[in-house]
Each structure stands twice: as structure tokens, then as C-alpha cells.
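Visitor: Have a look at the structure that comes next, please.
Any read-out appearing in this document is the output of simple, stated calculations on the displayed coordinates, not a laboratory observation. This structure is a prediction, so every number in the text was calculated from the model and none was measured. Here the Cβ positions follow ideal geometry from the backbone for every residue, glycine too, while neighbour counts run over all protein chains shown.
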Amino acid sequence: MKKIAVFCGSSLGFSNVYKNDAIQLGNYFALNKISLVYGGGKIGMMGVLADTMLKKNGKVIGVIPGLLRHEEVAHARISEMIVTKTMSDRKVTISKLVDGYIALPGGFGTLDEIFEALTLSQLGIEQKPVGILNTNGFFNHLIKQLNVMVTEGYLKKSNKKMLIIASTVEELIIKMDAYTAPKITKVINKVVS
């Protein structure tokens, strides 16, 4: 993987453990010549991740919708900034750029983007690894919810396995490098009038 999208919060959260894992991920990317593609922000987890990579001369590509580009949000020192018209355009642009996706702790936007990546995989539109760095058990309740969805018949076990989960950066990247997308059988339903 040469370029990985990382979705994470525009806040730092209440514990330094999250910030420390963002730093660790940024250092790993820079050391291993993996380019970061992210939301383009300079605040919160996004800012920490980008700043860490820039200190190590890593390549950082931001993709930001025009409505969020104002000075308080957009990172001014990254390698490249791509401005899109809408949030939806941002997702498409990121998808075209990357070889995989990682979620760090974050809020609604983080979940939205990682689940969109999983949905594209489930539909066979993409075959890229999708992982979460489960720092401090941050995603434990989400993982439990996915298990409920399997138990109740709303998510196939094979689709749940598309989400790669690890609690360390190294473990996550190793699992993502070894990922093989499942074979998708497409069912076409005919509309009967």
C-alpha cells in the first residue's frame, strides 16, 4: 500500500492515548514511505497526524470541501491540498487516490467515511482493505454492534470480516497488507411488471 486514507476526529478527545497512536501511525507511514490522504484539517487528531508526518518529511495529501477550507480548519503546510465542491465529491476523490482505509477515534464523520468504504467493499465496487485502530478499546461497542447485526441477520459474517481490527499500528498494517477481498457474487433482480 502506497497511499492510505485515514479518517479521524477533528478533536483530540480526553485521553492522550489517542493522540499518541496518531503520532505512532504518522511516524510509521513516514518511515515506510506511505502517503497519507486525509480530510485536510490542521486541528485535532487530523492535525496531529499530518504534523507528525511533515516533521518526518512524509507526503500528506488533504482532500477538503470548499465549505471547510477557511483558515481555522485547513492545514496550510501539507504536501498537496485538493479542494472539492461537496463532501460527497471528497469521498469519491479519496477513493480514487488510495489503496486502503484506516479509522482512528473520531465522531460521526469518521464513522460515515469508514462505513462508506465498507459498503463499497460489500458491493464489490472496491476491494481495498478497511481497518480500524482500536486504541484503548475505543471501537469495542461498535464491534459488538456489528456482532448484533450478524446475529439478527442484517450483516453477513463474511462482510463483517471485511473490517480489519487491530490495537497496534504494526498489527493493523500487517493485517491490511495480507488482506484479500472476498469474492462477491452479484445478484441481479429482474423487475416484473
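Visitor: Which lysines, on any chain, are close to LYS144 with Cα under 26 Å apart, when same-chain ones fewer than 8 places away are left out?
Guide: Qualifying lysines at Cα under 26 Å: LYS19, LYS128, LYS156, LYS157, LYS160, LYS161, LYS175, LYS183.
Visitor: Taking amide hydrogens as modeled 1.01 Å from N in the peptide plane, which residues meet the under 5 Å criterion relative to VAL63, leaving out close sequence neighbours?
Guide: Hits under the 5 Å cutoff: TYR38, GLY39, GLY40, ILE82.
Visitor: Quick check on packing: order 170-176, 10-16, 21-27 by the mean number of other C-beta atoms within 10 Å, highest mean leading.
Guide: Most protected by this proxy first, the peptides run 21-27, 170-176, 10-16.
Visitor: Using helices alone, what [θ] at 222 nm do you get for the chain, with -39,500 (n - 2.57) per DSSP H run of 4 or more residues, divided over all residues and rounded to the nearest 500?
Guide: Taken over the chain, the calculation gives -12500 deg cm²/dmol.
Visitor: List the residues, sorted by chain then number, that are 5 or more residues from LEU155 or on another chain and whose placed amide H is less than 5 Å from its amide H.
Guide: VAL150
Visitor: In degrees, nearest 10, range 0 to 90: what is the angle between the Cα axis of helix 140-151 and the longest Cα principal axis of the chain?
Guide: Tilt of helix 140-151: around 10 degrees.
Visitor: Next question, about the same structure. Considering only the other residues whose Cβ falls under 12 Å of the Cβ of VAL60, what net charge follows from Lys and Arg at +1 and Asp and Glu at -1?
Guide: +4
Visitor: Taking the Cα centre of each part, how many Å lie between the range 25-46 and the range 47-97?
Guide: When both Cα centres are located, 10 Å separates them.
Visitor: Normalised by the residues of the chain, what does the relative contact order come to in percent, with Cα pairs under 8 Å and at least six apart?
Guide: Relative contact order of the chain: 21 percent.
Visitor: So how strong a dipole does the chain carry about its Cα centre when Lys and Arg Cβ are +1 and Asp and Glu Cβ are -1, to the nearest 20 debye?
Guide: That gives the chain a dipole magnitude of about 520 debye.
Visitor: Over the range 3-177, what number does the Rg to Rh ratio reach, with both radii from the alpha-carbon atoms and Rh per Kirkwood?
Guide: Rounded to two decimals, Rg over Rh is 0.95.
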